[in-house]
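Asker: Below: one structure in structure tokens.
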Amino acid sequence: MIERQHWHPVASAGALGTAPVAARLLGEDLVLWRDAQGAVHAWPDRCPHRGARLSLGRIAQGRLECAYHGWQFGPSGQCVHVPALPAFTPPATHCVRGFAAREAHGLVWVRLEEAETQPPAFDAEGDARLRKVNCGPYEVATSAPRLVENFLDRSHFAFVHEGWLGERGAAAIEDYRVEPTPTGLRATGCKAWQPQSNLHSTAPAQVEYGYEVTGPYSALLTKIPERGTTALPEWREAIGLFICPLDPERSLAWFRLAVADFESPDAKLRAFQDTIFRQDQPVLESQQPRCLPLDPRAELHTVADRASAAYRRYLSGLGITFGVCR
Ligand code: FES
Ligand code: CO
């Protein structure tokens, strides 16, 4: 599975404190924990002694302690203490084999198999003029690719987000360009007429979007308002969508907002995103099949669906299997 060689978000970085946390990625149970140095670790959620869930344990002296017989594992995965045999020095074979784990974009990322890849890029990350706020995670009963495709899709705005991101009287989609990139694809010249495109909108605006697919289960949008249509000409909002494929038909999604607004409380920014996402969720969960069909004959397409068709071709070319059907 090529997707095992990509980095995926598995938890909010802030969720890893003084206790281990259970997570799931590509159908595997993981335990996440933070050591005394603050480094994050992702291991199979199964003690190599008798198979108990390590996420039921606790963190003590910078070690992960199993809840069943108290074996303690150091950050390298090596078992360093067996309480039933205090004088015993566990050999190198008494260890947990962990996965690569790191923090980026306020999330914990895990890669199950070695490869020369990076977590998906988020260009706004290094821009100090933009404030970053994470929204979610949203647990959704559908595949990660269905979620990415929905994010790239503007022709649902007039219906699913009527009065917010669209209006049925303005449902037409002007043609736009799509080109492949090394990590996915880019769509440019994506225009949308929006009644309430963000928290601060006071009037409808014609908004231009740029979309990018930055990995098999991640995407990015940059909102570019036309000059003169907003009181904030500098406004260049970016939203990253980062998805954890829990199971083939169950996903966890985060949005990372990069906004010029440093005033509004986090909760207010999140509430707007929650509202929009709750509008999407019932429709997303109703789509059948829940896997994304990669066979072009399986569903009907128009030129308005260019971006989603290109995304399907990208997944197909990459050889992705999790969350898709052929
Ligand atoms: Fe974990 Fe025995 S099962 S210590
Ligand atoms: Co939507």
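All of the numbers you see were taken from the coordinates with simple rules; none came from a lab. Every value quoted in this text rests on a predicted model; they were computed, and no experiment measured them. Positions of Cβ are backbone-derived with ideal geometry, glycine not excepted, and every protein chain shown enters the neighbour counts.
Asker: Suppose a student asked you for the relative contact order of the chain, using Cα pairs under 8 Å spaced at least 6 residues apart; what percent would you report?
Answerer: 18
Asker: Rg/Rh for the range 64-105: what does it come to with C-alpha atoms and Rh from Kirkwood?
Answerer: Ratio value, two decimals: 1.08.
Asker: How far, in nm, would the chain grow between residue 285 and residue 2 when pulled straight, counting 0.36 nm per residue and subtracting the alpha carbon separation?
Answerer: That works out to 99.3 nm of additional length.
Asker: For the range 76-235, what Kirkwood radius comes out of the mean inverse Cα-Cα distance, in Å?
Answerer: After inverting the pairwise mean of 1/r, the radius is 19.5 Å.
Asker: Based on Cα positions only, what radius of gyration and what Dmax would you give for the range 92-155, in angstroms?
Answerer: 16.4, 57
Asker: Of 206, 157, 169, which is farthest along the charge dipole of the range 131-228 in the positive direction, counting Lys and Arg as +1 and Asp and Glu as -1 at C-beta?
Answerer: 206
Asker: How large is the charge dipole for the range 248-289, taken about the Cα centre, if only the Cβ atoms of Lys, Arg (+1) and Asp, Glu (-1) carry charge, to the nearest 20 debye?
Answerer: Magnitude of the dipole: close to 60 debye.
Asker: Along the Cα-to-Cβ line of residue 200, 7 Å from the Cα, sits a label point; which residues in the range 250-275 have backbone N less than 19 Å from it?
Answerer: Those under the cut-off are 256-274.
Asker: Please work out the ratio of the alpha-carbon Rg of the range 19-162 to 2.2 N^0.38 Å and round it to two decimals.
Answerer: In units of the 2.2 N^0.38 Å rule of thumb, it is 1.34.
Asker: What's the local net charge at residue 187, with K and R +1, D and E -1, over the other residues with C-beta under 10 Å away?
Answerer: Local charge sum for residue 187: +2.
Asker: Also, quick follow-up: Restricting to Cα atoms and excluding each atom paired with itself, what does the Kirkwood estimate give for the range 207-326 in Å?
Answerer: Over the range 207-326, the inverse of the mean reciprocal pair distance is 16.5 Å.
Asker: What is the magnitude of the charge dipole of the range 216-326 about its Cα centre, with +1 placed on the Cβ of each Lys and Arg, -1 on the Cβ of each Asp and Glu, and no other charges, expressed in debye to the nearest 20?
Answerer: Taking the Cα centre of the range 216-326 as origin, the dipole is about 340 debye.
Asker: Would you kindly compute the Cα radius of gyration of the range 268-326 and its largest Cα-Cα separation (Dmax), both in Å?
Answerer: Values for the range 268-326 (Cα only, Rg and Dmax): 14.2, 43 Å.
Asker: Relative to the first principal axis of the alpha-carbon coordinates of the chain, what is the inclination of helix 266-286, with its axis defined by its Cα atoms, in degrees from 0 to 90 and to the nearest 10?
Answerer: Here the helix axis deviates by roughly 80 degrees.
Asker: Quick one: Karplus J couplings for the range 186-195, per residue in order, coefficients 6.51, -1.76, 1.60, θ = phi - 60°, nearest Hz, x for Gly and Pro?
Answerer: Working through the residues one at a time gives 10, 10, 10, x, 8, 9, 8, 9, 10, x Hz.
Asker: For a quick check: sort 247, 266 by the number of other beta carbons within 10 angstrom, fewest at the front.
Answerer: Placing the least packed residue first, the sequence is 266, 247.
Asker: Okay, next question. Under unit Cβ charges (Lys, Arg +1; Asp, Glu -1), what dipole magnitude, rounded to 20 debye, does the range 1-49 have relative to its Cα centre?
Answerer: Using only the charged Cβ atoms, the result is roughly 40 debye.
Asker: Let me ask something else about it. Of the peptides 59-72, 124-137, how do they stack up when ordered by the mean number of other Cβ atoms within 10 Å, highest first?
Answerer: 59-72, 124-137
Asker: I want to verify a result. In a Gaussian network model of the chain, Cα cutoff 10 Å, which of these has the top mean-square fluctuation: 206, 288, 196?
Answerer: Comparing 206, 288, 196 in a Gaussian network model of the chain, the most mobile one is 288.
Asker: What percent do you get for the relative contact order of the range 96-199 when only Cα pairs under 8 Å and 6+ apart count?
Answerer: 15
Asker: With an 8 Å Cα cut-off and a minimum separation of 6 or more residues, compute the relative contact order for the range 1-88 in percent.
Answerer: About 17 percent, as a whole number.
Asker: Against the longest principal axis of the chain, how steep is helix 306-318, in degrees 0 to 90 to the nearest 10, with axes from Cα atoms?
Answerer: Tilt of helix 306-318: around 30 degrees.
Asker: Separate question: In a shell of Cβ-Cβ distance under 11 Å around residue 288, excluding residue 288 itself, what net charge do Lys and Arg (+1) and Asp and Glu (-1) give?
Answerer: With Lys, Arg at +1 and Asp, Glu at -1, the net is -1.
Asker: Summarise the long-distance tail of P(r) for the chain by giving the % of C-alpha pairs beyond 37 Å.
Answerer: That fraction is 24 percent.
Asker: Sort 223, 191, 268 so that the residue with the fewest other Cβ atoms within 10 Å of its own Cβ comes first and the one with the most comes last.
Answerer: 268, 191, 223
Asker: Ranked by Cβ crowding within 10 angstrom, fewest neighbours first, how are 76, 12 ordered?
Answerer: 76, 12
Asker: Measuring from the lowest to the highest alpha carbon on each principal axis, how far does the range 11-87 reach, largest first, in angstroms?
Answerer: 38, 28, 17
Asker: Provide the FRET efficiency to the nearest 0.05 for the residue 168-residue 141 pair, computing r from the beta carbons and using R0 = 35 Å.
Answerer: Step by step, r from the Cβ atoms, then E = 0.80.
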